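Here is the structure we will look at, set down as structure tokens.
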Amino acid sequence: MKNAIDTSNLDVLISEVGPRDGLQSIKDVMPTEAKKAWIKAEAEAGVPEIEVGSFVPPKLMPQLADTAEIVEYARSIPGLQVAALVPNFRGAENAIKAGAHKISLPLSVSETHSQRNLNRTHEQVFEEIAKVVELIRSLPEDQQPGFEGSLSTAFGCSIEGVVRQDKVVEISGKLMELGCDEVGLSDTTGSANPAQLRNMIRAVKAEVGEGNLAAVHLHNTRGLGLANALVALEENIFTFDASLGGIGGCPAAPGASGNIVTEDLVFMFDAMGVKTGVDLDKLLKVREIVAAALPDEELYGFTPDAGYPKDFVVGQGWGI
């Protein structure tokens, strides 16, 4: 089931999380057909991976009640890796049944946040992860999705406050020991700063191995999202989550808002000459679909507001 993305011509991989992380954080429910149009347009713009939803109970998150249908649709788009978030073993069962190429289960390093977000202690989450790994390994190899253990609140918690680096490192090792394919670092509350991020990446890589820390999920809550992304790139992280228009946050973390804006992230990399495979002109037009479907939702982004610098040509870098 793992979908082999052709990354031979890419320097970094942009993973769009707006259809999951963005939509879970707003009151309006985007129509299913609008979600499909959004996902199709982003894939056509060259975004290689999209987290299309979350397998949570519809009564808790009606915004994502159609995730199984969305996964099935997204799988029909050639070359797109379809990702989904799962909160537990049951969610993983449903994601695998729907055909997700990749699933991620978020474990909050802050145990208070874990209990509020998943209603589970760390030990209970570990048990769920072990069951998910057992399920995946029971499948034929060509039906096994990739499985990421996502370390949420890795850089600070709006409930508990400081999150210790050694705790993040300890749990990252535990996730790999349980059988996750990789771990990812998530700045759920938008608390991270570049120095902290650099130190955390190095410490986690020392624990799990260079190739097993693959992705970062950054928020721009305090304006440091792109600075953190640049540091992550310098530390050989090559997968970046981002949300179109910067929508999203975390309902279980007070004050957590503002995913990094996909458009701004792509512009930064494009201007630097870093290959994303994304056509920025086409990506900016996708905003029209989201804006039409969510007329009451504010979309963010400096690049869409300011436009390109004079003489900027998409795909050719700028001033370098």
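So that you can scan it fast, the table gives a plain yes or no per residue for (1) surrounded by 14 or more Cβ atoms within 10 Å (Cβ to Cβ); (2) out of contact with any strand residue (DSSP E or B) (no Cβ under 9 Å at 6 or more places or on another chain); (3) among the small types (Gly, Ala, Ser):
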position: 3; (1), (2), (3): yes, no, no
position: 7; (1), (2), (3): yes, no, no
position: 16; (1), (2), (3): yes, no, no
position: 20; (1), (2), (3): yes, no, no
position: 33; (1), (2), (3): no, yes, no
position: 48; (1), (2), (3): yes, no, no
position: 52; (1), (2), (3): yes, no, no
position: 62; (1), (2), (3): no, yes, no
position: 76; (1), (2), (3): no, yes, yes
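Please count how many residues of the stretch 284-305 are buried (at least 17 other Cβ atoms within 10 Å of the Cβ), in contact (Cβ under 8 Å) with a residue 24 or more places away in the chain, part of a helix (DSSP H, G or I) and out of contact with any Leu (no Cβ under 8 Å at 6 or more places or on another chain).
Residues flagged as buried (at least 17 other Cβ atoms within 10 Å of the Cβ), in contact (Cβ under 8 Å) with a residue 24 or more places away in the chain, part of a helix (DSSP H, G or I) and out of contact with any Leu (no Cβ under 8 Å at 6 or more places or on another chain) within the stretch 284-305 amount to 2.
Do any residues in the stretch 168-187 that are free of Cβ contacts under 8 Å to residues at least 40 places away in the same chain have Cβ atoms under 9 Å from those of residues that are aromatic (Phe, Trp, Tyr), where the two are at least six apart or on different chains, and which pairs are they?
That search, which allows pairs on different chains as well, returns 181/147; 182/147; 185/155.
This table checks each residue for (1) in a loop (DSSP other than H, G, I, E, B); (2) of a type in the set (Asp, Glu); (3) at pLDDT below 95; (4) in contact with a Pro (Cβ under 8 Å, 6 or more places away or on another chain).
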| position | (1), (2), (3), (4) |
| --- | --- |
| 132 | no, no, no, no |
| 135 | no, no, no, no |
| 139 | yes, no, no, no |
| 147 | no, no, no, no |
| 159 | yes, no, yes, yes |
| 171 | no, no, no, no |
| 177 | no, yes, no, no |
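If I ask for residues that are closer than 29 Å to residue 8 by Cβ, at pLDDT 95 or above and either over 20 Å from the mean Cα position of the chain (by Cα) or among the aliphatic types (A, V, I, L, M) (or both), which ones from the stretch 274-320 would you list?
Matches in the stretch 274-320: 274, 278, 280, 281, 282, 283, 284, 285, 286, 303, 308.
The values are calculated or read from the model by the stated rules, or taken from the named source; none is laboratory data. No experiment lies behind these values; they were computed from the predicted model shown. Glycine also receives a Cβ, built like all others from the backbone with ideal geometry; neighbour counts cover every protein chain displayed.
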